[in-house]
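The values are calculated or read from the model by the stated rules, or taken from the named source; none is laboratory data. Since the model is a prediction, treat every value here as computed from it, not as a measurement. Counting neighbours? That spans all protein chains shown, and the Cβs are built from the backbone with ideal geometry, glycine included.
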Amino acid sequence: MARATKKKASKKSDKKRSELTEEKVEEKVEVMYDDEDLNEDDENITSEEEEEEDERKHHKLLEAISSLGAKRKKTLGERSEAAVQMSEFTVTAEGERDRVDLSDLIGSMEKTPGVTSRTKKQLKNLQKDNKTIESPLSRQETDRIQRDVAFQKAATEVTKWKGVIKQNQRAEQLIFPLNREPSGPKPIERVVTSWKAHTPLEEEIFSLLHANKQPIHDPILTPAEEASMKAMSLEEAKIRRAELQKARALQSYYEAKARRARKIKSKAYHKVHNKAKRKEFLKQFDEMVKTDPAGALEELNKIEMARMQERMSLKHQNSGKWAKSKVIMGKYDLVARKAMQQQLEVNKDLTQKIVTSLNAEEEEEEEEGGDAEVLPDFVNDAEQAVDPSNPWMRGKLSEDPTEKDMIVDLTAEEAPRAAEEEEEEEEEVKEPEEEVLLREFDERRKQRQAQEAEAQITVEEEDDDEEEEEEDKAADEEEAELSAFTSLFREKAEAAADVTDTSAQLEEGLTRIRTLEDVELLSVPQEEAAADEAPLPPPPAENPPPEPQKREAAKPKKRKRAIELKEVLTKEPKVIQVPLAPTVEDAEDADEQLDQRGLIKEAFAGDDVVADFLKDKRKQEDAGKPKVVDLTLPGWGEWGGTGLKPSRSKRRRFRTKAVPPPPRKDQRLPSVIISENKNSAVRLHQVNSLPFPFQNHSQFESTIRSPLGRTWNTERTVKKNIKPKVVTQMGAIIEPMAREELLKDKRPAAGRGGRGGQGGRGGRGVDSQRRHIRDKRAEK
Amino acid sequence: MASPGEATVKDSHVGKKKKPPARYWPEQQKEGKDDNKVGKNEEHAEQAVEQEEQKTQKTTKRKQEGGERDGKKFISGKMDPFPGPARIPEDRINKFKRKDKTKKPRGSHYKLKDMISRSEKASEMAQKQAARFDLLLPEDAGFLEGDEDEDTCTISQEDIADAVDITAGSKYFNLKLSQFGPYRVDYSKTGRHLVLGGRRGHVACIDWQSKQLMCEINVMESVNDVKWLHSEAMYAVAQKKWLYIYDSNGIELHCIRKFNDVLRMQFLPYHFLLATASATGFLQYLDVSVGKEVTAICTKTGRLDVMCQNPHNAIIHLGHHNGTVTLWSPNQKEALVKMLCHQGGVRSVTVDKTGTYMVTSGMDKKLKVYDIRTFKPLKSYFLPAGASCLSLSQRGLLSAATGDIVQVYRDVWSSPVTKPYMAHRVPRTVWGLHFCPFEDVLGVGHGDGFTSMLVPGAGEPNFDGLDANPFRSAKQRQEWEVKALLEKIQPELISLNPTELGQVDRASFAQRHQDRVQALGFDPLAKEKFIPKYKTKGRSSAGGVERRKKQVAYEDQRDVIKKTVETKMKMEKERKQKEQKATVFSSQRSALDRFKK
């Protein structure tokens, strides 16, 4: 089994994977061996018990026989002995000394010479380990653990959605259905790329295409093509195309020739043909020995194998039906005799040992010393590869399987981890694939350059690597065939393979040329698109706030109010000269009396105006001051009566002094009285409590500082300001989010313009308030 | 437009006297240069930054973008010398700035962070867009310039009219209406229409640019003031007794008897409020969109014949005979601010467009300039004759009338002025002054009719077509009217600080409740007092009523007691539970503890 799997593994292209499977296989094998050991142990134990069993059976049989004649009795259930120690297997373990100890077994191990020191050590360790295995947990506990694990699993599954949900919650605007296609015409490339296989048929086709590295998502280039794009220039591509054309032509010639040859029925022709081929093969082999010893050795191995099989079988030894009939006929028929001889010749040919330089060397070496060290490395390798099934021979015993065994109840945890590991592996595998491709192309290019230098173009040598691969694939079938012909057949097979291969390459070339031009054309708009998408240059930095207009102080600050006020009013004004003197008096306009009064006022103006104003101001200030409340009552604790005043201490005790009011706004302005009354009308329209997420007033006030309406903003700003939070398409079904959404959101969601956001109760409240206020925003 | 102002006015006065007349091309060239320079500087800076970043191995957005820009190629192979969108001048961006940014708080809720960053982004975008689509004709206003040793104030209107083109020249004209003068004047918001109100009852509406008379009536009563309402379809006339509203055909629409003895009027265009000051000392507000009186405030300061509005915050300024100027809003029964400006009575008050400066003139023949954001005096001038009427233009030119002479001043608040910018003598005493919006024209109403004089540099050359379009058609006007009505600001929102609405009310609950009680007139949370029903057949005896009252009172008390007991019980229970839990946790009795002795 191990071998078979190994073969399969070898077939796989990626080496990594094959190694892995190998390991697995080895593990399995190891396990099997362990089982066998156990069985052996069991056998040892049970050998004595079997005798007892036999006795019992015999006894039973006797009983049965005796009971045949007599009346049918009720047979009681067997209850043979009352032992102190009951075995699970209804086997008594009477004598304790009969029990088998591990030490007994191990003792024998030490004596056997074949056991490695390592295993001995391990066994010793095992012996030392006297730990008893803990009893299994109760059902409830295991259940609880399982529940825990299941919960964790579910939780992790659910938390995957967290990011998406948060994003949606915060998004400035959500347009449902979420995965809506933007309306309007789309570039054809995007349409093609975004198309996905839905039906099973399509999926199947796609899987096939995918397996062949055909372009699925990007219709322009396959990965191979892209790699080739990277690998070669236009001239090289042209040369390559020419090469491939030539190769194709040759291919067709060869095919035609092969077809013709296949149709020829003449045996003689084929005989000659085969002979020639064989000779040629031998010649080639000789050459190969010189140029490629490893390949030659493989060939040799194959030939050897064929020889062995030939020697084993009776195919060409004149022992078949046909041969026997020929023997009878041979006396009289020359032809029959000849045929028989031919067969024997074939046998001889096949069984003949081919002596090549390689073989000769080996033989010589073997003869000389037979030391393993002297052998070439690859020989060793091959041997190792031949039997990996022996666990003792592999140095991997230390790789404990215990770890995995221990995690029985933590499977749930393990599963995702395993998945992750797999993913990692895949990634690891993927990268090398590309690298391999690139390397291949590099090699090819180098080869071509070398060929150019030598000025000889051959088709066969071009794809060595691929040939090897083909060999590997075909190896299974070919092993069974005869060695001499194998190479010939293989050549044919290769030719056939080459046909497909080269044809594929030719197609490749054709597409490539097309794409070279295409890509040149395509790259420009792509770049442009990228440029378009590039964000605008950063907005010019915010200006520092303009300095508040500084008025030149008309007068220096002074403390004394009254004096200052007078100064203000009697300050030296600038006299303005007017070129035109007024000819008409003011007196004309108003009624005489009023003007008279005005004149009088003007004449006696000055002190009383200022005094009146000051008095007024003082009155206002006094009104604003809180009054001292005196709650003293005469008589309590003292003498009371007319003419008696309550004592000072008492008055002080019952007098409540109010807190001094905040300074008046007009404290520093002598000629101004500013009313301290609050405007309660505006208060009804103000926001009277800080909305939810805001921490202080200034934050909220800054968010509502700019108006939203059309009167104060450009159209674009208004549209942005009043963007609704949720938009639903009319008639569209809003489905719950699918799993694809999760994957999609790993990339930055550009389409929806979710730029982090608000959401929830508080935000909407504020918005509504803002809208409410909008209408009432004040002047200008 | 939605410009938060200041910048425009400031710009116009930055230049001193010897500034070359503004033209498109040199200005543009200069700007272009500036832009280029700025761009280069920035590029250099960016490169430097990139180098630094490369040194520090930091990958920031900026660097990435820089790299992309370098990598950007065109088919022609040439690089775009000016990649990205065109730069916006910083001063223009600053013009549309609304308050400062807030920092994103660290370690706070993500919702808060998102919200703040989003709003910042939105406001930044709004600011930039507004700056980008700002006025397309940003050239400077041209002013009158005299030759050497020639005062601009000596140049006569005739000379100016001759010098300028015919259209502009035709804007200087005199209407000789000596019969019913003196005249009050008002221009409509778009500046196309003019209403004249003669003291002796003559009222006329004129499309003054085409000199087309829309209507002309005589109200057969003395006229104190005239004012256009929100559009040129209606105007209010303050007549001897009542306030009247006429339409543009001279048909009387309303006679408002609630508004008596009105002397002066102001119209607040965004609130649709007509504010009137009466001889009886009342300041009244009329909502012209619904035709209701909003408030009537008794100022207790006597006759109110000096009035103006602050266009920035819709506060009404009143001047009084005792030299004070008071500021009023319809929401407060007392003056918001009371300023002592003059030693004599105040003759005229005016406030500039941005709501920064107030100019007053008084009986003491002084002209004073105040900063009304801080209520501090800036400049004080002495005019030999004293100014009876004041008016400020959109670009900040001040016109003052002294007797029969109209003087126009430049830069009264920034630099001390010794001479007027322009002066013009009208036939008789000036009664009304008004700068025409969006035109370099000053309308003067006087005893002998009306004079329209040219004042170069007075009007704002750029108008907002959606707000006040001088060239709008009837259809556009209708559209505008609907929109303006929809965007009408309620009178409650008038306050000294127009951005107060955007602030959070930090008053306590008690305070708020008190305000609510005041506004509603009753306490919505108060419990009703029990009034026993009157019962017949002797059951409503004094004792019975008292008993019933007591019953109810007891019941209430019982409820209260029940509640308190319940809460107490609840608390006790909770306490017990807590204790139990605590004991359980402290002792950790195992199952085997019961066997202990």
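Miscellaneous remarks
- Restricting region B:392-428 to residues that are at the interface with chain A (Cβ under 9 Å from one of its Cβ atoms) and within 13 Å of B:VAL455 (Cα to Cα), the residue that is surrounded by the most Cβ atoms within 10 Å (Cβ to Cβ): B:PRO420
- Residue in region B:518-525 that is of a type in the set (S, T, N, Q) and over 24 Å from the mean Cα position of the chain (by Cα) present: yes
- One residue stands out among those in region A:626-644 that are out of contact with any helix residue (DSSP H, G or I) (no Cβ under 8 Å at 6 or more places or on another chain) and not hydrophobic (A, V, I, L, M, F, W, C): the one that is nearest to A:GLU676 (Cα to Cα), which is A:PRO626.
- Qualifying positions in region B:341-375 - under 20 Å from B:HIS434 (Cα atoms) and not in a strand (DSSP E or B): B:ASP352, B:LYS353, B:THR354, B:GLY355, B:THR356
- Hits in region B:513-563 (condition: under 30 Å from A:SER680 (Cβ atoms) and at pLDDT 90 or above): none
- With respect to being within 14 Å of chain A (Cβ to nearest Cβ), in a loop (DSSP other than H, G, I, E, B) and either touching a Lys or Arg at 6+ places or on another chain (Cβ under 7 Å) or under 29 Å from B:PRO89 (Cα atoms) (or both), B:GLY181 fits the description.
- Picking from residues in region A:122-140 that are assigned to a helix (DSSP H, G or I) and surrounded by 11 or more Cβ atoms within 10 Å (Cβ to Cβ), the one that is nearest to the chain's Cα centre (by Cα) is A:GLN122.
- Selection count, region B:415-474, where residues are touching a strand residue (DSSP E or B) at 6+ places or on another chain (Cβ under 6 Å) and small (Gly, Ala, Ser): 7
- The condition (being more than 21 Å from the chain's Cα centre (by Cα) and at the interface with another protein chain (Cβ under 7 Å from one of its Cβ atoms)) is satisfied by just one residue among B:GLY302, B:GLY281, B:GLY323: B:GLY323.
- Condition met for B:THR451 (of a type in the set (Ser, Thr, Tyr) and within 19 Å of B:PRO311 (Cβ to Cβ)): no
- Tally, over region B:429-468, of residues that are over 26 Å from B:ASN174 (Cα atoms) and either crowded, with 17+ Cβ neighbours inside 10 Å or among the polar types (S, T, N, Q) (or both): 4
- Reported count of residues in region A:275-303, each being acidic (Asp, Glu) and in contact (Cβ under 8 Å) with a residue 12 or more places away in the chain, is 2.
- Residue match in region B:480-488 (condition: over 27 Å from B:HIS202 (Cβ atoms), touching a strand residue (DSSP E or B) at 6+ places or on another chain (Cβ under 7 Å) and in contact (Cβ under 8 Å) with a residue 60 or more places away in the chain): no
- Any hit, region B:564-586, residues being exposed (fewer than 10 other Cβ atoms within 10 Å of the Cβ), part of a helix (DSSP H, G or I) and either at pLDDT below 90 or touching a Lys or Arg at 6+ places or on another chain (Cβ under 6 Å) (or both): yes
- Test: residue in region B:519-539 that is assigned to a helix (DSSP H, G or I) and not aliphatic (A, V, I, L, M): no
- From B:ALA468, B:ALA474, B:ALA510, residue being among the hydrophobic types (A, V, I, L, M, F, W, C), over 13 Å from the mean Cα position of the chain (by Cα) and at pLDDT below 85: B:ALA510
- Residue in region B:469-521 that is surrounded by the fewest Cβ atoms within 10 Å (Cβ to Cβ), counting only those that are touching a Ser or Thr at 6+ places or on another chain (Cβ under 8 Å) and away from chain A (no Cβ under 13 Å): B:GLU481
- Top-ranked residue in region A:672-712 [being touching a Phe, Trp or Tyr at 6+ places or on another chain (Cβ under 7 Å) and within 8 Å of chain B (Cβ to nearest Cβ); ranked as surrounded by the fewest Cβ atoms within 10 Å (Cβ to Cβ)]: A:LEU690
- Test result for B:ARG199, within 14 Å of chain A (Cβ to nearest Cβ), charged (D, E, K, R) and within 29 Å of the chain's Cα centre (by Cα): no
- Boolean, B:THR167 is facing chain A (nearest Cβ under 9 Å), modelled with pLDDT of 85 or more and surrounded by fewer than 14 Cβ atoms within 10 Å (Cβ to Cβ): no
- Looking only at region A:655-671, residues that are polar (S, T, N, Q) and either more than 10 Å from chain B (Cβ to nearest Cβ) or loosely packed, with under 13 Cβ neighbours inside 10 Å (or both) come to 2 in all.
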